[in-house]
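All of the numbers you see were taken from the coordinates with simple rules; none came from a lab. Since the structure is predicted, the reported quantities are computational estimates derived from the model, not experimental observations. No Cβ is skipped: glycine too gets one built from the backbone with ideal geometry, and neighbour counts run over all protein chains shown.
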Amino acid sequence: MTTKNHRPDDPGECPVCFSEDAVLEFRPRENDNNWKCPRCGIFHCSLSMQSILSNTTDAEYFGCHNSRKRANVSAWIHRNQDHRIFGQDDIPFLLSLTPPSIIKRMDDLLLFFARHTDAYGTITKVPMPQVISTTWSSERKEALRLCGALAQRKLTLENTGTTTSTYNLSITLDGWAKIDELQAKTIDSKQGFVAMWFDEDMDNIYDNGIHPGIGKAGYRPFRVDRTEHVNKIDDEVIAGIRRSKFVVADFTGHRGGVYYEAGFAHGLGIPVIFACRKDDMENLHFDIRQYCCIDWKDENDLRERVQKRIEAVVGVGPVVPKYEPVAKSV
Ligand SMILES: [Zn+2]
């Protein structure tokens, strides 16, 4: 797959995942292409971006040639069908994508099966290309292993009749119980709540660490003191946490409010990303020490690790950050 040559004008092959059943619609007025791919879904691609992805040498130059990177991009597009145009400026963001944890991918797959199921006890036939993108897999074999893992946990029963284009299954009663549990937890939010010490010395840590870290993971940061509001600040905090997909709690300075907000989110089942400056870790309350806490050195270290942790825990979000265009190195 990675060594194939692709002509930019080849209408049958998706420039991202190389699916041969993709449909292309050229829109000369907008100067971009509108792709409908069975694996990636619908997306617009600028002509320059398409030419980079379709040409093996160019794709290699920009670092987006291997099947793992392409699988990440395909999965992300599939999850975020917001019909935006992908251009060359988006390459750093697309290259920074990493798949969520195996368990998260299995949970998403089970929810995907549920959306395709009409009634209890019936056989569900799901299109294989979408199973591949839902599970962030780079090929059919990898996706089938995750399908098999759900069956192994007795959440699904594999049915005969699976072909290269469809996977056949039925969901067990245990599977439906798990789906209820997952749906109750799912908050469809683009927001990440930030709990931290609001001290001037921490401004740089927020502006150049936490804020861009959340942004690069595909979410909008929400810090209550930086938001205009009309209600009491306590109410804003509670409402802000409830509306958020996750909370980033930085314990540096050990403010009571941060412990309270992290505990509140935890009680609601909202994932909490724990962080604390390395030289302040020893003062961390013992309740927090059991969690895997990001012990950061500076804002750059924090930014990168916050982004990676969010992506691992809740997956990449739908908000596309703006980057500087990629400079061509010599
Ligand atoms: Zn595709």
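General remarks:
- Residues whose amide H comes within less than 5 Å of that of Thr124, counting only those at least five positions distant or on another chain, are Leu169, Ser170 (H built at 1.01 Å from N in the peptide plane).
- Multiplying the residue separation of Asn208 and Ile103 by 0.36 nm and subtracting their alpha-carbon distance yields 34.7 nm.
- Eligible aspartates and glutamates near Lys104 by straight Cα distance, threshold 14 Å, same-chain separation 8 or greater: Glu181, Glu311
- Under Karplus coefficients 6.51, -1.76 and 1.60, residue-wise ³J(HN,Hα) of the stretch 95-110 in Hz, glycine/proline x: 6, 7, 5, 10, x, x, 5, 4, 4, 5, 5, 5, 4, 4, 5, 4
- Between helix 140-152 and the chain there is an angle of about 60 degrees, using the helix long axis and the longest principal axis of the Cα atoms.
- Lys/Arg +1, Asp/Glu -1 at C-beta; the stretch 191-313 dipole; positive extreme among Cys276, Phe198, Ile214: Ile214
- Sum of side-chain charges, Val247 neighbourhood, beta-carbon under 13 Å (Lys, Arg +1; Asp, Glu -1): +3
- Phi-derived couplings, Karplus 6.51 cos²θ - 1.76 cosθ + 1.60 at θ = phi - 60°, listed residue by residue for the stretch 167-178: 10, 10, 7, 9, 9, 7, 4, 4, x, 5, 5, 5 Hz, with x used for Gly and Pro.
- Each Lys and Arg Cβ is given +1 and each Asp and Glu Cβ -1; about its Cα centre, the stretch 102-185 then shows a dipole of about 160 debye.
- Simple Cβ-charge dipole of the chain, Lys/Arg +1 and Asp/Glu -1, about Cα centre, in debye nearest 20: 1060
- Each residue of the stretch 203-218 was assigned a 3J(HN,Hα) from its phi angle through the Karplus curve 6.51 cos²θ - 1.76 cosθ + 1.60 (θ = phi - 60°); the sequence is 4, 4, 5, 6, 5, 10, x, 5, 4, x, x, 5, x, 5, 7, x Hz, with glycine and proline shown as x.
- A helix-only calculation puts the chain at -11000 deg cm²/dmol for mean residue ellipticity at 222 nm, using -39500 (n - 2.57) for each DSSP H run of at least four residues, averaged over all residues.
- Charge dipole (Cα centre; +1 on Lys/Arg Cβ, -1 on Asp/Glu Cβ; no other charges) of the stretch 66-219 amounts to roughly 960 debye.
- Here's the picture: charge each Lys and Arg Cβ at +1 and each Asp and Glu Cβ at -1 in the chain, and of Gly148, Val247, Gly267 the one pushed furthest to the positive end of that dipole is Gly148.
- Listed residues Arg226, Arg242, Arg145, most fluctuating in the chain (Gaussian network, C-alpha, under 10 Å): Arg226
- Gyration tensor analysis over the Cα atoms of the chain returns equivalent ellipsoid semi-axes of 36, 28, 17 Å (largest first, whole Å).
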